[in-house]
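Student: Supplied in structure tokens, the structure appears directly below.
The values are calculated or read from the model by the stated rules, or taken from the named source; none is laboratory data. Because the structure is predicted, anything quoted here is derived from the model rather than measured. With ideal geometry, Cβ positions are generated from the backbone for all residues, glycine too; neighbour counts draw on all protein chains shown.
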Amino acid sequence: MDDLLAQVEPLIPALRRYARGLLHDVVTADDLVQDCLERVITHWHRRRNDDARTWVFAILHNLAVNRLRQASRRGQHIAIEDVGENLLARRATQEDGLVGTEIMSALQQLPEEQCSVMLLISVEDLSYAQVAEVLGIPIGTVMSRLSRGRERLRLILENPATGTKQGSHLRRVK
């Protein structure tokens, strides 16, 4: 135990500097050094040579890399008290309800085969191959129905009165 204390204690200021340089946050860096020292003490019997400096810095570096990866997956941490209520939730506006109603009405104007492909891909998040399997049609047919359905939906939403633009004629091909 005296060997551990004699070799590791002088490294603590350097470990803190290195951790702060990697993480750019004093509190998180100190937590990281503490985690590192805990591992050093727990695994002291596993070190391979008498010079513990490289071994301790390797542990700190690996812990820092793991923490940075974890932070990038999770995103930035913000305390719940610091977040405004309007960012946590917001009520639907009348306009949102009208847009939803408009889209549902436009979807009902699509031919059934285009509507089903649009719903399975856009709402249910199925892949083209999965939709082809569900509907029992070739994948190319799924892609063409989706393309035609999106175009027709766009036209309906742009001009709700007729569902098409002036001069454009859609025809149904079986």
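Student: Could you identify the single residue in Ala89, Ala52, Ala79 that is of a type outside the set (Asp, Glu), under 29 Å from Arg17 (Cα atoms) and loosely packed, with under 15 Cβ neighbours inside 10 Å?
Tutor: Details: Ala89 fails: under 29 Å from Arg17 (Cα atoms); Ala52 fails: loosely packed, with under 15 Cβ neighbours inside 10 Å.
Answer to the check: Ala79.
Student: Shifting gears a bit: Any residue in segment 60-72 that's closer than 12 Å to Ala29 by Cα: show its pairings with residues that are charged (D, E, K, R) at Cβ separation under 8 Å, as long as the two are six or more apart or on different chains.
Tutor: Filtered contacts from segment 60-72: Leu63/Asp35; Leu63/Arg39.
Student: Hey, any hits in segment 70-79 for a residue that's touching a helix residue (DSSP H, G or I) at 6+ places or on another chain (Cβ under 9 Å) and not assigned by TED's automatic domain parsing to the domain that holds Asp25?
Tutor: No, segment 70-79 has no match at all.
Student: I need a count of the residues in segment 29-80 that are more than 23 Å from Pro10 (Cβ to Cβ) and not charged (D, E, K, R).
Tutor: If we filter segment 29-80 for residues that are more than 23 Å from Pro10 (Cβ to Cβ), which is where we start, we get 65-80.
Those left that are additionally not charged (D, E, K, R): 65-66, 68, 70-72, 75-80.
Selection size over segment 29-80: 12.
Student: Starting from segment 32-55, take each residue that is assigned by TED's automatic domain parsing to the domain that holds Leu15 and list its partners that are basic (Lys, Arg), counting only C-beta distances under 6 angstrom and pairs at least six apart or across chains.
Tutor: Listed by first residue and then by second, the contacts come to Val33/Arg16; Trp55/Arg47.
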